[in-house]
Amino acid sequence: MPSRLSTRTSTTSHLARKSSNQTLASRRTTASRVSSPTIVVPDEGPFSVLRSQICSIFSDAQRNTAGHRKLAVSLRKIQEACCYEPTNFNSNSGENCGENDFNVEMARCAIRLMGVKKSEGVGDRVVKFLGFFLKYASDKDISLISDDDMEETQSFPETPTSRLVAHILSIMLPLMTSKEKTVRYRSTQLVAHMINSLDSIDDEYFHLLKIALMKRIRDKEPMVRVQAVLGLGRLAGNEDGEAQEDADSDNDEASGLLVKLLEVLQNDASADVRRSLLLNLPLIPGTLPYLLERARDLDSATRRTLYSRLLPALGDFRHLSLSMREKLLRWGLRDRDENVRKAAARLFRERWIEDCAGPYTATEDVQAAKEASPPSIEGLLELLERIDVVNSAVDGGVASEAMKEFWSGRPDYREEVTFTDEFWGALTPERVFMARSFNDFCRQEDGRKCETLVEEKMPEVTKLAFFVQQYTNNLVDSLRRNNAKGEDEDEQDTVEQEFIVEQLLHIAKNLDYSDEVGRRKTFDLLRETLAIAELPDEITKLVIDVLRDVCGDHNAGEREFCGIVLEAIAEVHDNIAVEELMGDNEDESFHSARSEMSENTPINHRARKPMITDVRTTGDEDEAKAINEIMINMKCLHIAQCMLQNIQGNLQQNVHLVALLNNLVVPAVRSHEAPIRERGLLCLGLCCFLDKNLAEENLTLFIHCYTKGHDALQVTAIHVLSDILTTHPNLLAASEDSALEKSIYKIFTKALKAVHTPEVQSAATIALCKAMLTSVIQDEDLLKQAVICYFDPGTKDNAAVRQALSYFLPVYCHSKRENMERMAVVAPGIVHTMVNLGEEIDEEAEMVGISVVSTMLVDWTDARKLVVQDEASISWNEAGQKEIKAVNGDIHLVLAEALLERAMSNSCSREEKKALIMMLGKLYITPTSDGEKLQVVQDLTAEAIDIKIATDAASRSALNRLHATLVKAIGDSAVAGKKIEEERAVQDELMVVGQHSPPELTEIGDDSVINDVKRESRTEAGDTLLEELLDDEEEL
């Protein structure tokens, strides 16, 4: 940090400033007469040996940076000769050259730098050399000062180098406000480099530099702002230890420097400025949150810089809060830029693990490679604990992704880790998640080595089944103890046990069940586990998923799977309801599925404990019975839902599914309890995926659920309808009921306009995008409504809607020509709606300009951007590569016709008309388009020009440009058509000639044909000559 000098020689500095001011005035007068940024230097006096030597050193310095140290030593010798031992460098005048002459010559070289553009590398090298020399000379001056002098002054005394720095700064500061951007850039760059090179600066210049650089952070040129923040980043460290005396002042210069820099970091439009601040701001508690939020910066290079440079230099990551660690990992590993993802993964597996595995000694060069500590499993477990795997390893968490990158980049840990029986006997959340992530990585990674590792280190199927049983029993016992006490004293312990069982089941999902002994053991264990009523929902889902894999993918395995799950549902129902009085009349709608099974089906009778332990505290037995009944059916429906999500066969061919539908799902849909009805609808939707007739019968029911239901039910209905239409794409086309199709379209239209319920709007938008991309829905009105929803200012706060549509619209239009033509048809209506919407909204509301809307509509209908072009537009070159010829522009002709018809209508407003006409000037029209369409659009354009619908110059120019393009296209099309007719005529003549040719001409090769023709010609000539001779003999 540069400190401030409090003592200085006023006479020398005064002379230096006087000389520099005179030179600056003369330069400013000259520069005002020229427009080039080149600095015109006035008469500088007679030539001297000192000037020659200094200029020679600067000339060598600008070639490369390798010899800067040697050149700095030579320049230091010249400075010492001038400052301490005045030398006669000028032999002609006989005068000695002192310190002032040396400072003037150094400033003269610095002034020469001001006209060098940013693209010239010599300018950067000269700046580096000057900064290096000032640092080197300052250190030499300090070494010559005795300790007694330092104690007397109690500060840094004034030295020749400090006076040189003051002289150069006095010249550079006025140049920082120059009108020429190159001069501002070089002067600011030089000042910033000097600040970062020196250890101390005069107190007077410290404030002047601060004020001047703070003005430059508002410069219109980003390159100037970058250099300003580089200098201010070094000065900002003093703000943390000093009281800001002028903090309450209204002047911009007087406000806090650190606050200003943080504002620039957040709001500057240039990514280079933000990146420079990211690396130069001091790492203090006040700035750390602002620095870390750059992980969400718009610029990928800035985000990568945070993960690759700032965070490694930050030190021990354990000083960060748990939420910040999780956010940094999630943002980095899920970044859209691959380089950012790699940087985040490298940070996790190289730096964070080193903080846990061994002490880290900070070095001066943070970027230097550091030898990794030997693998430490305890350090890895601590790292997992520091990122809270219990919460971050669930679905949607980032721990799984982080450990995947860890195992991928650390083969030494893959070799080191071992899973012994002692390991499995004392599992913790961190241990079991380490085993689960290792198993997942080795199973998913291609290569024999990973397969060998997982076979050697992971337990066999039978042993893992025993571990699952052990920890499941521990979990169930803990849950029953908590239910019996009615308190959640050991809630944290229960959560950890639940997490352990979940991870073990995740491991079981990826195992190979070719071992029949292990498969049967796992099968029996899962069948018994599924019947436990107290089992949490997430574990129940995992048990069913593993059971589906154990049963196999064949049809017989699926039927066996359904039968086992139905048995579990029946047992859960009976186990929970056993405490009810046997004489009570149970609800017939929810009788046990056991009655629908064969009497020979084995059923495991387990200890029966109520799921609702004690609801008598309410004092109302009827209410307790109702709550118990709801819990029974919710548990059964959850098991059924998990089962249906793992079924792919036909519903009518599986008697177990038919029984489930009739005895559990349908009564649940008819229930008066809202939770049961909603889950029943979800199960009914899953059943509809398995049977088309069932889906067609229940479409009306889901439409009614959306119309009459609350927000959550509406979202469920939209999801079910969308999935049904995607699973059975011909359902609407095969239906004879047009009202049903209209009702579905009406639902999507209404949902897209549901601005006050963002969840419903986003669900409908995503569902509609999927349906239209798969061509299940091809309605033009819905497409128009989707585009309007994209531009509507009411959806600006609904990021899910904007993000889905920003991906959908270009992909939809550029994927198929039919989709693009559909967009061209609805484009005029979209412009009309947006113009009216712009007139209705408040002035304070932000809305996309109509010009932006029209530009995007033209882009979405540009046939050149089609992914799959027409066969007539594709050709193949000699190398066999595909080439795109002139693209058919019929789509923009359709758009032009629709725009012109709308513009010439009486209901078209002036603003709308202008927007429509301006779109016409951006259309792509080619001679390969349809001739009739070209002529129709040309007639409409001529009519529009005649009736003068364009009122302003820009609109008239666009209309005339379209007319000229159409005329040229029609002419070229006529010429091309004539050539095609001529080619066809030639081909027809060749075909006619070919029909009269001898048969053998078409049956043998070309060479044979030519030889036969010549032979026949000679034969015919010989026969003719013989006949003539015979005739002559007869006459004689």
Task: Span from the the range 915-959 Cα centroid across to the the range 115-131 one, whole angstrom - done: 54 Å
Open item on the list: Order VAL191, VAL825 by their accessible area, 1.4 angstrom probe, all chains in place, largest first.
Closed with: VAL825, VAL191
- [ ] Give the accessible area for LEU262 in Å² (nearest 10); use a 1.4 Å probe, count only protein heavy atoms, and leave out ligands, DNA and RNA.
- [x] 20 Å²
TODO: May I ask for the distance between the Cα centers of the range 756-791 and the range 272-341, given as a whole number of Å?
DONE: 36 Å
Open item on the list: Taking just the alpha carbons, could you work out the radius of gyration and Dmax for the range 661-737, both in angstroms?
Closed with: 12.0, 35
- [ ] Keeping every protein chain in place, order MET324, MET820 by accessible area at 1.4 Å, biggest value first, i.e. largest first.
- [x] MET324, MET820
TODO: Kindly report, to the nearest 10 Å², the accessible surface of CYS55 as traced by a 1.4 Å probe over protein heavy atoms only.
DONE: 50 Å²
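For the range 536-575, compute the orientation-averaged projected area of the C-alpha convex hull (one quarter of its surface), in nm².
Working: hull surface 11.0 nm².
With the hull built on Cα positions only, its mean projection is 2.8 nm².
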Task: Cβ-defined net charge surrounding TYR706, 11 Å radius [Lys, Arg +1; Asp, Glu -1] - done: +2
Open item on the list: When 1/r is averaged over all different Cα pairs and the result inverted, which Kirkwood radius in Å belongs to the range 695-825?
Closed with: 14.9 Å
TODO: Kindly report, to the nearest 10 Å², the accessible surface of HIS719 as traced by a 1.4 Å probe over protein heavy atoms only.
DONE: 90 Å²
Task: Area projected by the alpha carbon convex hull of the range 291-439, averaged over all directions, nm² - done: 9.0 nm²
- [ ] For the range 385-473, restrict the atom set to alpha-carbon positions and state the Rg and Dmax in Å.
- [x] 13.2, 37
TODO: For LYS625, list the lysines whose Cα falls under 23 Å from its own Cα; do not include residues on the same chain fewer than 8 positions away.
DONE: LYS485, LYS609, LYS635
Open item on the list: When the expected Rg is taken as 2.2 N^0.38 Å, what fraction or multiple of it is the alpha-carbon Rg of the range 924-968?
Closed with: 1.15
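Rank these by accessible area, largest first, 1.4 Å probe: LYS948, LYS342.
Descending accessible area places them as LYS948, LYS342.
The values are calculated or read from the model by the stated rules, or taken from the named source; none is laboratory data. Small disclaimer: the values here were computed from a predicted structure and weren't measured. So basically every Cβ, Gly included, is an ideal-geometry build from the backbone, and we count neighbours across all protein chains shown. The protein model used for the area step is the full one, side chains on, heavy atoms only, and it has no ligands, DNA or RNA in it. Shrake-Rupley method; radii C 1.70, N 1.55, O 1.52, S 1.80 Å.
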